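Please treat every number below as a calculation from the coordinates, not as lab data. These numbers come from a predicted model, not from an experiment. Backbone-built Cβ (ideal geometry, glycine too); neighbour counts: all protein chains shown.
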Amino acid sequence: MYNFALAFVICAVAYVIGEVVSTLTKAWVPSVFVTAVIFIIGYWYIWPTSLITDAALIPFGSTTGIYLILVHMGTVISLKQLAEQWKVIVVCLAGLAGMCAACLLICPLLMDRSLVISGLPPLTGGIVAAVTMQTAAAEKGLAEAALFAIAMYCVQGFAGYPLTAVCLQLEGRRLLKVYHEKGGTAGAVGSVSEDGALETNTKEGRRLIPAVPEKFDSAVVNFLKMGIAAWIATQIGAITGISGAVWALVIGIILTTIGFLDKDILHRCNSYGIVMFALMMYIFDGLKDSTPEMLASIVLPMIELIVIGVAGMGILCFVVSKILRMSFLLAFATALTALYGFPPNAIITESVCTALAKNKEEKDYLMSKMFPAMIVGGFVTVTITSVIIAGAFANML
């Protein structure tokens, strides 16, 4: 009965269960954590360790899939919004610097250096950083470090979600007090596309490269253009010695700006879901060599890395927020997006605004003050900076 089709079904069921649990808990329980637990138990007691390979989801997820997602991310980042939220960008970068400095200075005294190097980039960001460090550790024969990178990616949200919710709750109450005392107006509310790109009412600038005629603008044509961008990134990476994954993001931004790539390109060709699914399966394939003993040995280092990293982030966020005359609560909340990214940042922010507001006007006001900052924070930390950090740290193992 077991064949490639059943293997694919099992992978999809595990993934869907994680998404359902995350949706029902409004992202307080991360989908990646739930799916990772299912895969670990499955590898230990139920299905073969070759499950994801049997489903033919590798090597696509581990190679082309990563580059397609990164190029796609470059097509959804709004440079205009990044410029408008410059204080958020500065405080997020400061927070990540504080996290890295604290972990690099203190954690090697408490655990193996390879665990610090492999676990820190996933802690500063998302899936691409986790994949980069898992691959780099595996190539060096560091099985425990490779597992540590994935485990860190799966559990970091449990520190970020409650801390963010508390910060936003306190910030929301402060903003409402100001709103009522000074009679503020709601202002314009930033909106987001399906995968988090901030949308504006301004028209796109003139394209340097004309759009493909609609009758020829197929999904495969879009994949062709993304493939060209990915290939360019690999070549620049080979020349510069900097990870091609970093260049894929940069090339995606540049080629979107000049009109070669369309905005939100993977959603445009209805392919985001399957590419992300394949990439996530590659992530979970990294759990197949784990054992109960190995997992038990990394629990304490994970807790230590998270606690020390978040403490370092908080300290530097506090200092920089005072210099910029920015609310520390909002500054810390935006930096904490490094621990989960989009869409949890959007879900948590909107949930807090809904819970605090007594009417639509109050909710609009809270959303206008907190939502754009939280979305930009997620892009700065997870989408951009963590990829750069992972590219640098991969060479340090």
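Below is a table of values for the structure above.
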{"quantity": "Mean shadow area of the chain, taken as a quarter of the surface of its Cα convex hull (nm²)", "calculated": "20.7"}
{"quantity": "Burial ranking of peptide ranges 175-182, 146-153 (average Cβ count within 10 Å, highest at the top)", "calculated": "146-153, 175-182"}
{"quantity": "Helix runs (DSSP H) in the chain reaching 15 Å along axis by Cα, Kyte-Doolittle at least 0.5", "calculated": "4-24, 31-45, 64-76, 86-106, 113-124, 127-139, 143-155, 219-240, 244-257, 272-285, 292-323, 344-356"}
{"quantity": "Surface/4 estimate of mean projected area, convex hull on alpha-carbon atoms of the range 280-347, nm²", "calculated": "6.3"}
{"quantity": "Mean Cβ count within 10 Å, highest first, over the residues of peptides 11-23, 95-107", "calculated": "95-107, 11-23"}
{"quantity": "For the chain, calculated [θ]222 nm from helices alone, where every DSSP H run of n ≥ 4 adds -39500 (n - 2.57)", "calculated": "-23000 deg cm²/dmol"}
{"quantity": "Inverse of mean 1/r across different Cα pairs in the range 51-162, Kirkwood, Å", "calculated": "15.9"}
{"quantity": "Fully extended contour minus Cα-Cα distance, from Leu110 to Lys358, at 0.36 nm per residue", "calculated": "84.5 nm"}
{"quantity": "Relative contact order %, the range 65-138, counting alpha carbon pairs below 8 Å whose residues are six or more apart", "calculated": "21"}
{"quantity": "Cleavage-rule hits, trypsin sites (Lys or Arg not before Pro), the range 333-397, DSSP coil, Cβ neighbours within 10 Å at most 13", "calculated": "Lys358"}
{"quantity": "Highest-first arrangement of 49-56, 233-240, where packing means the average Cβ count within 10 Å", "calculated": "49-56, 233-240"}
